[in-house]
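For reference, the structure is listed below as structure tokens.
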Amino acid sequence: MSDSTFFQGLDAETTICAHCGFCRAVCPTYAGVGWESCSPRGRVHLTQLMLSGTPVSSEQMTRLFQCTVCSACTQVCPTRIDLRQFWLAARAEATRRNLAPPGLGLAQANVANTGNVYGYPNDERAGWAEYMDDAPADLYQRETAEVLYFVGCSTAFSPRVQPIAESLVRLMSAAEVDFTILGGDEVCCGFPLQVAGMPDRFHDVVESNLAQVRAREASTIVFNCPACRLMWQEEYARHLPGVRMLHATELLAELSAAGRLPLNELNQTVTYHDPCDLARNGGVYEAPRQLLAAIPGLKLIEAHERRERGMCCGGGGDMEMVDPALSQRVATTTVDKLAATGAGTIITACPQCVRTLSRGAERSAPGVAVLDIVELLARALT
Amino acid sequence: MMPIFDLPPDRLTEDLVERTMYARDLAPVPEIMTRSFFQTLPDAIVRPANATQVADVIRQAASLQLPVTPRAAGSTSYYNAVPVRGGLVLDVNSLRYDISLDTARQTVRVLPGTTWFELDDTLRRQGAAVRSYPSSAIAATVGGWVSTQGHGIGSLQYGAIADQLVSLQVVLPTGELRELTRNSDPPLSWFVAAEGTLGVITTVELGVRPRPAAESHHLFSFDDLDALGTGVQSLSHSQPRPYTVFFADAGYLALLERAGFHAPGARRQEAGGPPPASRLLSPASYPAGMLMVSFQGEPAAVNQGRDGLARLPGRELPSELALEEWSLRLYHLRNKRGGPSLLATDIWLPLRNLAAYLAGVRKLAVRSRQQIGSYGLAITPEWGQVMSIYPTDERRTAAYLAAIGFTKRLHDLGAHYGGRPYGVGLWNTPYLSRLFSRTDLRELRRRKALLDPHGIMNPGKLYAAPFPLWPVTFAPAATALSLAHTTFLRGERRSP
Ligand SMILES: Cc1cc2nc3c(=O)[nH]c(=O)nc-3n(C[C@H](O)[C@H](O)[C@H](O)COP(=O)(O)OP(=O)(O)OC[C@H]3O[C@@H](n4cnc5c(N)ncnc54)[C@H](O)[C@@H]3O)c2cc1C
């Protein structure tokens, strides 16, 4: 299918949508709910109702938010609607009309009050570094550096995925990368607000992060969270000309290709899960696979549903806040498919995917481990 | 309030917003044409989880004489799956997967809500493939295609879906669950193209083919429609039989560029930018037509098919373009981006008249100043399925309503060349006399009366035109609307 997609505004695109249902067949949340209103074409219809002033309740509009913004729909849309843009615009419109689910207001309040989506004290952002035995005294916070590692809220605060941050700094240290983190100076990138339909609420966080990055004089920003990377590429990049914004796998693949990442043998069989925000939404398919191929002894069994057809983990688009049970159902389905490869470990490249898939594995595939690729690479470090 | 059906609560809804989503299909129709005459809004939607639940629902609906409209992907456009007398919409999409391949017999059993893409994808992992599929394969379900005409990609080599069926499990309008074969009473053939009017299909067993060992796709462009017509006809008779033959005219290519896509075989536009408006309106800038032919199967047969192409009139385009066209075979709807709305007639046409029909469409387009594009497939050596599409804008209700009337002009043109509408539903009932002989229609009505004496299954479709679609009321109304449409278009083109 042709790569070009379009978004000419909600009114035009709701008319252009053919209601053919191609999207319905690939939508993970439609599969988990089963009602037409929870299919992408149903959500377009709902948007049309909202725009036309037909009375719709916020409960009915919740369908618009029971969506992980995974873009599987965009992939197959024959009228080539950029449905990711569509969902973001439709959510913003619903929020403007006070039709958004109430839970999302909490995320916004947390970011406004504390600088992170969880509402934790923001100066504990580098807490994970404090737990490391071998962290330097400055806890990786330097005045200037070539590379700035933007850790992101979930990696910084969620214990399940804090090891990703530890692993990444170990890998960068081993490769002698000149890098820094922002610690308590980092604030939420704004992604949870963007997908909550609050595009006018993340202006402050963008300004604050931009100021910090400029002060560090970094020429590359690296993210282990694909959603942060996407947000930075879409909302920050135009203010930082010449600054590269890379996912951890892209940076590590460069280092590996340059021979700066010596890796030990790992005799393990794994499968790889393409995170939606890294792959379909972010366009990164090869770097993680190059890295897995660089680990001696590692056997990769690719799932049938991979790359552009990769399955969503259920955790994107603020779904955990809106409908945690549905998020779980989607995760379980995805884990089942990945576990069917026979691999004992699911590797992914996103902290949110690690969290949701781990919970899915606990339920449906208890023997299967879920790891971020950065953690796996750190285990292979010589 | 709906009577309480014996279903878990998450399998029945009366939510108004939800119901509006089941009151439409592909073609948006202004309320004046729907709500004034029909009850398109269902009273409730049920979503049974298995055949037993389908049977329970149908039994209870039968006892209440409540209309039931089966709906799968809803990828049809004649209101086939939209109720016209309210009642229940029975959403069959939970009856999905359970794909079981019998390699020795080369057959597969599958639940009806599985899409053709999903079925083929699963079969290919097991060394088999579906024999044919509709161009809507990503959305369209197995049960939905069996219930409609069942012709599409692959039909030229493997025949209609009707020829591929081995058995069907159905729930009859009494709620009885039955296994039907070719020789059962009733036979499974009654359910082919029955559009959900005789019961609900709950399992389909059909023949498959070995996963093709080789494939070869070729794209040709033609300077005149006669050459295109000859090319399509000779390929559809040729041996080895191609898997599929797709064709399109200059109007289709022009619409593609209007929608923002490059048309294969079109002269490349100058250094970037959209093509000039004059070109969009002038199919003369495009080759008269194009044709894509695909061979699939054993390598020797595929090579033989490819060698035979040397005799084809027309210019062969580079193989990358052919491959791209093949990869876009399910994406003809991208034309809709140039609409933003698109109206269409789908016509079953003798291939010997293809060139004449396409030339007729071209003349009609010029005369009426309506941009029209046509494309389609050779389905049998003698017959093809041709879509003629034209852009419009449903947001301008009066103009859109008039544009709907224009479909009759295209249908009449198709009829002039020996064609008839492809599919019935609600909106093609005015053409019943073109679709069926009197004897055939009498037989269809006999089956309906026998199996569904209370007429609960998808009432108002297929067997008779309801008012206002009686030919005596429909024909003058559609003609007047069509006239209004062309008058309007002429006025629009004249104004700066
Ligand atoms: C882009 C595009 C391309 C298309 N290409 C083709 C093509 O190549 N060939 C073609 O024939 N059509 C084509 N179509 C039309 C349509 O997609 C097909 O007719 C398709 O098979 C309908 O399947 P569905 O699952 O959408 O059925 P629906 O639209 O949901 O239903 C169609 C009819 O079948 C009945 N029905 C559905 N499921 C059942 C069941 N389980 N039991 C009993 N009745 C049932 C419904 O009541 C309705 O009358 C195309 C449509 C689009 C949008």
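A compact table of results
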{"item": "Residues with amide H under 5 Å from that of B:Ile153, placed H, sequence gap 5 or more", "result": "B:Tyr133, B:Ser135"}
{"item": "Of all DSSP beta bridges in chain A, antiparallel share, percent nearest 5", "result": "5 percent"}
{"item": "Sequence of A:Glu13, B:Glu14, A:Glu176 when ordered by accessible area, the most exposed leading, probe 1.4 angstrom", "result": "A:Glu176, B:Glu14, A:Glu13"}
{"item": "Dipole of the protein assembly as shown, positive end: most advanced residue of B:Tyr417, A:Leu49, A:Met231 [Cβ charges, Cα centre]", "result": "B:Tyr417"}
{"item": "Modelled FRET efficiency - R0 56 Å, A:Glu265 with B:Asp163, Cβ distances, 0.05 increments", "result": "0.50"}
{"item": "Phi to ³J(HN,Hα) by Karplus 6.51 cos²θ - 1.76 cosθ + 1.60 over the stretch A:81-98, Hz, x for Gly, Pro", "result": "6, 6, 6, 5, 4, 4, 4, 5, 5, 5, 5, 4, 5, 5, 5, 4, 8, 6"}
{"item": "³J(HN,Hα), Karplus 6.51/-1.76/1.60, whole Hz, each residue of the stretch B:417-429, x for Gly, Pro", "result": "9, x, x, 8, x, 9, x, 10, x, 9, 6, 9, 5"}
{"item": "C-alpha long axis of helix A:248-257 to longest principal axis of chain A, angle in °", "result": "40 degrees"}
{"item": "Share, in percent, of DSSP beta bridges within the protein assembly as shown that are antiparallel, nearest 5", "result": "70 percent"}
{"item": "Cα→Cβ-extended label distance, 7 Å offset, between B:Ala480 and B:Gln65, nm", "result": "3.5 nm"}
{"item": "The stretch B:300-320-the stretch A:53-70 distance, computed between alpha-carbon centres (Å)", "result": "51 Å"}
{"item": "At most 15 other Cβ within 10 Å, DSSP loop - trypsin sites (Lys or Arg not before Pro), the stretch B:16-122", "result": "B:Arg35, B:Arg105"}
{"item": "Gyration tensor (alpha-carbon) shape descriptor, the protein assembly as shown, a/c threshold 1.5", "result": "prolate"}
{"item": "About the Cα centre, charge dipole magnitude for the stretch A:103-256 (Lys/Arg +1, Asp/Glu -1 at Cβ), debye", "result": "440 debye"}
{"item": "Global form of chain B, assessed from the alpha-carbon gyration tensor, a/c cut-off 1.5", "result": "oblate"}
{"item": "Listed residues A:Leu210, B:Ala478, B:Tyr133: farthest to the positive end of the dipole of the protein assembly as shown (Cβ charges)", "result": "B:Ala478"}
{"item": "Largest-first ordering by accessible area, 1.4 Å probe, given options B:Glu316, A:Glu362", "result": "A:Glu362, B:Glu316"}
{"item": "Shielding by other protein chains, A:19-32, mean Cβ within 10 Å", "result": "6"}
{"item": "B:Ile32 - accessible surface, heavy atoms, 1.4 Å probe, Å² rounded to 10", "result": "100 Å²"}
{"item": "Net charge dipole size for the stretch A:1-114 [Lys, Arg +1 and Asp, Glu -1 on Cβ; Debye, nearest 20]", "result": "100 debye"}
{"item": "Potential lengthening between B:Ala214 and B:Leu450 on full extension [0.36 nm per residue; Cα-Cα distance subtracted]", "result": "80.2 nm"}
{"item": "For the protein assembly as shown, calculated [θ]222 nm from helices alone, where every DSSP H run of n ≥ 4 adds -39500 (n - 2.57)", "result": "-11000 deg cm²/dmol"}
{"item": "For B:337-346, mean number of other protein chain Cβ atoms within 10 Å", "result": "3"}
{"item": "Two-site label geometry, A:Ser52 and B:His416: point separation in nm, points 7 Å out along Cα→Cβ", "result": "3.6 nm"}
{"item": "Amide hydrogen neighbours beyond the local backbone of B:Val68, cut-off 5 Å, H modeled", "result": "B:Leu88, B:Met457, B:Asn458"}
{"item": "Efficiency of FRET from Cβ geometry, A:Ser173 and B:Asp393, R₀ 56 Å, rounded to 0.05", "result": "0.40"}
{"item": "Local electrostatic count, A:Leu338, Cβ distance below 12 Å [Lys/Arg +1, Asp/Glu -1]", "result": "-2"}
{"item": "Accessible surface of B:His218 - all protein chains present, 1.4 Å probe, nearest 10 Å²", "result": "20 Å²"}
{"item": "Using a Förster distance of 45 Å, the FRET efficiency for A:Arg97-B:Asp307 (Cβ separation, nearest 0.05)", "result": "0.10"}
{"item": "The stretch B:393-421 and the stretch A:146-200: distance between their alpha carbon centers, rounded to Å", "result": "58 Å"}
{"item": "Residue-level accessible surface for B:Leu481, protein heavy atoms, 1.4 Å, Å²", "result": "60 Å²"}
{"item": "Distance between the stretch A:263-290 and the stretch B:33-72 - C-alpha centres, whole angstrom", "result": "46 Å"}
{"item": "Options A:Ala378, A:Thr14, A:Phe65, ranked by Cα towards positive dipole end of chain A, top entry (Cβ charges)", "result": "A:Thr14"}
{"item": "Shape category assigned to the stretch A:3-96 from the gyration tensor of Cα positions, a/c cut at 1.5", "result": "oblate"}
{"item": "Test item: Cα-centred dipole of the stretch B:1-139, Lys/Arg +1 and Asp/Glu -1 on Cβ, debye", "result": "400 debye"}
{"item": "Label-zone membership for the stretch B:428-463, site B:Thr380, 7 angstrom Cα→C-beta point, backbone N under 18 Å", "result": "B:434-441"}
{"item": "Inter-chain Cβ neighbour average for residues B:130-139, partner chain, 10 Å", "result": "3"}
{"item": "Net lengthening on full extension, B:Ser327/B:Gln39 (0.36 nm per residue, minus Cα-Cα)", "result": "99.7 nm"}
{"item": "Amide H contacts of A:Leu381 (H built 1.01 Å from N, under 5 Å, at least 5 apart or other chain)", "result": "A:Asn264"}
{"item": "Hz values of 3J(HN,Hα) by residue in the stretch A:285-302 - Karplus curve (6.51, -1.76, 1.60), Gly and Pro given as x", "result": "10, 7, 3, x, 5, 5, 5, 4, 5, 7, 8, x, x, 6, 10, 9, 10, 6"}
{"item": "Where B:Tyr243, B:Tyr78 fall by accessible area, highest first, once all protein chains stay in place (1.4 Å)", "result": "B:Tyr78, B:Tyr243"}
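The values are calculated or read from the model by the stated rules, or taken from the named source; none is laboratory data. Note that the coordinates shown come from a computational prediction; the quantities given were computed from them, not determined experimentally. Heads up, the Cβs are rebuilt from the backbone with ideal geometry, glycines too, and the neighbour counts pull from every protein chain shown. Keep in mind that these areas ignore ligands, DNA and RNA; they rest on the heavy atoms of the full protein, side chains included. Shrake-Rupley method; radii C 1.70, N 1.55, O 1.52, S 1.80 Å.
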